[in-house]
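S.K.: Please see the structure below; I have some questions.
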Amino acid sequence: MATINLDRRSFLKAAGGLGALSVAGAGLAAPDRRAFADETAFPEQKHGNPVEATIDPKTGDVTVNEDVIVRNSACLGCYSSCGNRLKLDRASGRLLSVGGNPYHPSCAYPYLNFEDPLEEAYRTMSFAHGKGNIVRATVCGRGQGTQDGYSQPDRVTVPLKRAGKRGEGKWRPITWDQLITEVTEGGKLFADIGENQDIEGFKALHDTETPMNPDQPDLGPISNQVVFLGGRGDGRTTIGTRFSSNFGTINQYGHGST
Ligand code: SF4
């Protein structure tokens, strides 16, 4: 049987590419970090997404790539609401990758404390300084798949207004300013497609004193006519609760009807 005599440096050169010290999480099997302990030169990157930082293997010093933005956030891939970690290209705003949030107990254990600096978060993504093998954070495959949801061309990113009969499936994009004006002021909002009905805006219903029906005072004030029907309780609901409370309606619930 032929034997291959490959010293460590040659092996590293052959491995090349993304380099073991990148914090990009290239999805490769974890290398033996002892093999890299003496390496100080970061290999020139030729493939893949740009790395967000490099870590000095001896000192643990972090050098951040300013071209890449990293945000620790939360995943909405399913009901679990894990943390996630997003890598964005600063120039284009493009989402480069989704990974685990080292501050979140669903992604890493032990996880970082909120007080720990972001530099420490970078450090956990490497194998330098004895870090990455302890709290290298992950998300599940579906969590990584949210990147496709973000970039798929049919994703709704602007308000859409009905541009045909109900159920006809016709919509047109409008600005956020138009949306806010129309839902607050109300009026004949669909006159342009031949519908003449007056639609009450939030202003017309913002009355927390007058009973909506004097014969049934238990229904509360007029403002309770605004019903906030939201989705699941995944974080976005909190914003809805804030709006409903400030507006003065108690009628907010999720589609689970529980
Ligand atoms: S990381 Fe996976 S389990 Fe967690 S919220 Fe996202 S899709 Fe759900």
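The values are calculated or read from the model by the stated rules, or taken from the named source; none is laboratory data. In this text the structure is predicted, and so the values were computed from the model without any measurement. FYI the Cβ positions are ideal-geometry reconstructions off the backbone, even for glycines, and counts take in every protein chain you see. Please note that ligands, DNA and RNA were not included when accessible areas were found on the heavy atoms of the full protein model with its side chains. Shrake-Rupley method; radii C 1.70, N 1.55, O 1.52, S 1.80 Å.
S.K.: Of the conditions (1) among the β-branched types (Val, Ile, Thr); (2) surrounded by fewer than 17 Cβ atoms within 10 Å (Cβ to Cβ); (3) closer than 30 Å to Val51 by Cβ, Thr124 fails just one. Which one is it?
M.R.: Going through (1) among the β-branched types (Val, Ile, Thr); (2) surrounded by fewer than 17 Cβ atoms within 10 Å (Cβ to Cβ); (3) closer than 30 Å to Val51 by Cβ one by one, Thr124 breaks only (2).
S.K.: Now a separate question. Within the range 136-177, take every residue that is polar (S, T, N, Q) and open to solvent by 60 Å² or more (accessible area, probe 1.4 Å) and give me the one that is farthest from the ligand (Cβ to nearest atom).
M.R.: It comes out as Thr175.
S.K.: Based on what the data block shows, is Thr210 more than 16 Å from the ligand (Cβ to nearest atom) and surrounded by 15 or more Cβ atoms within 10 Å (Cβ to Cβ)?
M.R.: Criteria not met by Thr210.
S.K.: I would also like to ask the following. Just wondering, is there one or more residues in the range 15-34 that are modelled with pLDDT of 85 or more, on the phi > 0 side of the Ramachandran plot and either in the same structural domain as Thr124 (by TED's automatic domain parsing) or surrounded by 17 or more Cβ atoms within 10 Å (Cβ to Cβ) (or both)?
M.R.: Checked the range 15-34: no residue is modelled with pLDDT of 85 or more, on the phi > 0 side of the Ramachandran plot and either in the same structural domain as Thr124 (by TED's automatic domain parsing) or surrounded by 17 or more Cβ atoms within 10 Å (Cβ to Cβ) (or both).
S.K.: So if I check each of Phe228, Phe190, Phe202, which one is of a type in the set (Phe, Trp, Tyr), within 30 Å of Gly77 (Cβ to Cβ), outside the structural domain of Ser81 (by TED's automatic domain parsing) and surrounded by 12 or more Cβ atoms within 10 Å (Cβ to Cβ)?
M.R.: Phe228
S.K.: Right, another one. Could you check how many residues of the range 44-58 are over 19 Å from Leu96 (Cβ atoms) and open to solvent by less than 50 Å² (accessible area, probe 1.4 Å)?
M.R.: So the count comes out to 1.
S.K.: Moving on. It is to be established whether one or more residues within the range 70-85 are closer than 19 Å to Glu120 by Cα, free of Cβ contacts under 8 Å to residues at least 40 places away in the same chain and among the β-branched types (Val, Ile, Thr).
M.R.: Checked the range 70-85: no residue is closer than 19 Å to Glu120 by Cα, free of Cβ contacts under 8 Å to residues at least 40 places away in the same chain and among the β-branched types (Val, Ile, Thr).
S.K.: Same structure, new question: Scanning the range 106-121 for residues that are more than 19 Å from Thr63 (Cβ to Cβ) and open to solvent by less than 80 Å² (accessible area, probe 1.4 Å), which turns out nearest to the ligand (Cβ to nearest atom)?
M.R.: Across the range 106-121, the extreme among qualifying residues is Ser106.
S.K.: Can you report the number of residues in the range 135-160 which are out of contact with any helix residue (DSSP H, G or I) (no Cβ under 8 Å at 6 or more places or on another chain) and under 30 Å from Ala191 (Cβ atoms)?
M.R.: Selection size over the range 135-160: 4.
S.K.: Here's a follow-up. Scan the range 179-187 and tell me whether some residue there is of a type in the set (D, E, K, R), over 30 Å from Val98 (Cα atoms) and surrounded by 12 or more Cβ atoms within 10 Å (Cβ to Cβ).
M.R.: Within the range 179-187 (the criterion being of a type in the set (D, E, K, R), over 30 Å from Val98 (Cα atoms) and surrounded by 12 or more Cβ atoms within 10 Å (Cβ to Cβ)), the answer is yes, since at least one residue qualifies.
S.K.: Can you work out which of the residues in the range 59-88 that are over 29 Å from Thr238 (Cα atoms) and surrounded by 13 or more Cβ atoms within 10 Å (Cβ to Cβ) is farthest from the ligand (Cβ to nearest atom)?
M.R.: Asp61
S.K.: Taking the condition more than 32 Å from the chain's Cα centre (by Cα) and among the small types (Gly, Ala, Ser), does Gly194 pass?
M.R.: Answer is yes for this residue.
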